[in-house]
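Data block below; observations after.
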Amino acid sequence: MSSEFRNFKFSSIYEFVNIVSEAVENGFDFWNFNEDLFVQSALKFNRITLLHIYVSSTLLCYYSRFFRKSGDCVEKEYVDWWIHLMKDYGIRLRRTGYDVDKEDVNAGWAWFQKNETTFMRFFDVISDEVVYILFNDKQFLVQFNRLVRNVLIDEDGTYAEYLELKWPQNARNDDGTIKRCNIPKWVQQAVFHRDKGRCVFCNKDLTGLVNTLNIKNYDHIIPLKDYGTNDPCNIQLTCEECNKKKGGKDIMPQYKYQSWW
Ligand SMILES: [Zn+2]
């Protein structure tokens with residue numbers, strides 16, 4: 001992966017972050033998603049994470065509902081806001097199809113429908129920025145991974161049948177759980193930096209600078225045997241002791257921060 005720097009549009013991106021984190025909090029399921037991509041990203045560490053998939057499909061769902069319900073009160077300024085925002089990302093959104101003068105009660109909804117593929121493309125592009133923020137929120141990640149588990153297993157605890165044909169042969173164990181695979185260096189590095197070289201449970205230093213004896217562990221937030229996935233968003237940094245104590249459970253990590261000054 002390149003180490004290029006990217007522009008980051010704080011104020012608008014946080015709006016999308018809020019929509020996604022509220023959706024996860026309310027247990028809003030994956031919607032209209034690419035099932036093949038979902039299976040690939042669940043099986044083996046993929047740079048397009050399950051969270052990327054969730055972000056773009058949830059935003060599309062949210063805004064198509066929004067425009068359908070509030071199509072009559074979409075104002076020209078709001079349309080312009082979208083046009084300018086997408087322009088910043090090199091995506092050309094057209095005003096064509098939106099006509100305020102006609103007093104069409106569904107002008108907003110009709111306009112959204114005409115431009116739906118442009119919106120889809122935009123949500124795909126910004127999903128990376130939304131993931132960039134949410135990847136830092138470890139309590140969010142626990143909730144998100146619980147949601148992922150609910151896609152994988154039905155209420156009776158068996159594997160979701162509609163996904164059954166999507167799994168490659170030998171990808172899973174006999175009980176349907178996903179097989180363990182090596183955690184690539186790029187995932188380890190990202191998780192190590194995100195967790196600042198400390199155990200997410202007891203805050204123990206794992207950089208090797210303070211104490212050379214502490215052993216670091218890359219832990220599945222939702223354990224594989226509990227129908228967790230090999231997704232970068234399902235990995236956290238723990239010390240060996242906490243990892244042993246945690247066992248097969250999923251526990252909320254602690255939230256501590258040190259003030260900048
Ligand atoms: Zn610990």
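Listed values, structure above:
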quantity	calculated
Any pair with Cβ under 7 angstrom, 6 or more apart, that starts in the stretch 200-220 at a residue that is within 21 Å of Asn234 (Cβ to Cβ) and ends at one that is open to solvent by 60 Å² or more (accessible area, probe 1.4 Å) and within 9 Å of the ligand (Cβ to nearest atom)	Leu206/Arg198; Ile215/Glu240; Asn217/Glu240
Residues located in the stretch 195-210, provided they are more than 10 Å from the ligand (Cβ to nearest atom), within 20 Å of Gln139 (Cβ to Cβ) and loosely packed, with under 15 Cβ neighbours inside 10 Å	Lys196
Some residue of the stretch 83-105 being of a type outside the set (Gly, Ala, Ser), touching a helix residue (DSSP H, G or I) at 6+ places or on another chain (Cβ under 8 Å), at pLDDT 90 or above and within 24 Å of Lys225 (Cα to Cα)	no
Elements of type helices (runs of 4 or more DSSP H) contained in the stretch 94-194, each with 3 or more residues being open to solvent by 60 Å² or more (accessible area, probe 1.4 Å)	116-134, 138-152, 185-194
Matching residues in the stretch 7-46 - criterion: being in contact (Cβ under 8 Å) with a residue 60 or more places away in the chain, open to solvent by 60 Å² or more (accessible area, probe 1.4 Å) and either at positive phi or outside any helix (DSSP H, G or I) (or both)	Asn7, Asp29, Lys44
Matching residues, the stretch 211-251, being aromatic (Phe, Trp, Tyr) and either loosely packed, with under 14 Cβ neighbours inside 10 Å or within 14 Å of the ligand (Cβ to nearest atom) (or both)	Tyr218
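The values are calculated or read from the model by the stated rules, or taken from the named source; none is laboratory data. If you're wondering where the values come from, they're calculated on a predicted model, not measured in any experiment. In this analysis, Cβ positions are derived from the backbone assuming ideal geometry, glycine residues included, and neighbour counts consider all displayed protein chains. With ligands, DNA and RNA removed, areas are computed over all heavy atoms of the protein, side chains included. Shrake-Rupley method; radii C 1.70, N 1.55, O 1.52, S 1.80 Å.
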